Amino acid sequence: MAQEIERKFLVDREKWAATKKRAGQLYRQGYLLTDVNKTIRVRLTDAEGWLTIKGKNDGATRAEYEYRIPAADARELLDAFSTSELSKIRYELLVYCHLKAGEKIIFSKKFIL
């Protein structure tokens with residue numbers, strides 16, 4: 001079982017607008033079930049979908065199960081069973097971290113705006 005660690009950050013819109021970034025990916029997202037103990041969510045892009053089941057929050061973490069599903073299935077689930085929906089654009093940025101002289105880590109981070 002995977003554990004999600006929720007982290008949220010405030011973004012300076014002027015700095016964000018000035019940041020060089022790849023084109024974002026539009027997501028359609030809907031909730032099939034939400035209560036205090038669990039959430040079942042479907043996400044859809046043009047090419048693929050995901051079904052995500054999340055458990056009850058325990059501080060900043062919670063159990064999370066996420067499965068890739070065909071886009072057509074995600075669309076059908078959203079159309080037939082979604083109780084609430086939203087759209088968002090996700091951006092992937094390369095972030096460079098320098099550890100010691102001559103060492104660096106490059107990782108990708110997804111941001112939602």
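The values are calculated or read from the model by the stated rules, or taken from the named source; none is laboratory data. Source: prediction; values computed, not measured. We place every Cβ from the backbone using ideal geometry, glycine too, and count neighbours over all the protein chains shown.
Does Gly59 qualify as being surrounded by fewer than 11 Cβ atoms within 10 Å (Cβ to Cβ), among the small types (Gly, Ala, Ser) and within 17 Å of Ile5 (Cα to Cα)?
Criteria met by Gly59.
Looking at (1) touching a Gly at 6+ places or on another chain (Cβ under 9 Å); (2) modelled with pLDDT under 95, which is the one condition that is false for Lys56?
The failed condition is (1).
Take Leu51 and decide whether it is in contact (Cβ under 8 Å) with a residue 40 or more places away in the chain and under 17 Å from the mean Cα position of the chain (by Cα).
So Leu51 fails the test.
Answer yes or no as to whether Ala72 is part of a helix (DSSP H, G or I) and exposed (fewer than 15 other Cβ atoms within 10 Å of the Cβ).
So Ala72 fits the description; yes.
Among all residue pairs at least 6 apart or on different chains, which show Cβ distances below 6 Å where the first residue, located in region 33-45, is without any contact (Cβ under 8 Å) to a residue 60 or more places away in the chain and closer than 17 Å to Pro70 by Cα and the second is in a strand (DSSP E or B) and among the β-branched types (Val, Ile, Thr)?
What qualifies is Ile40/Ile53; Arg41/Thr52.
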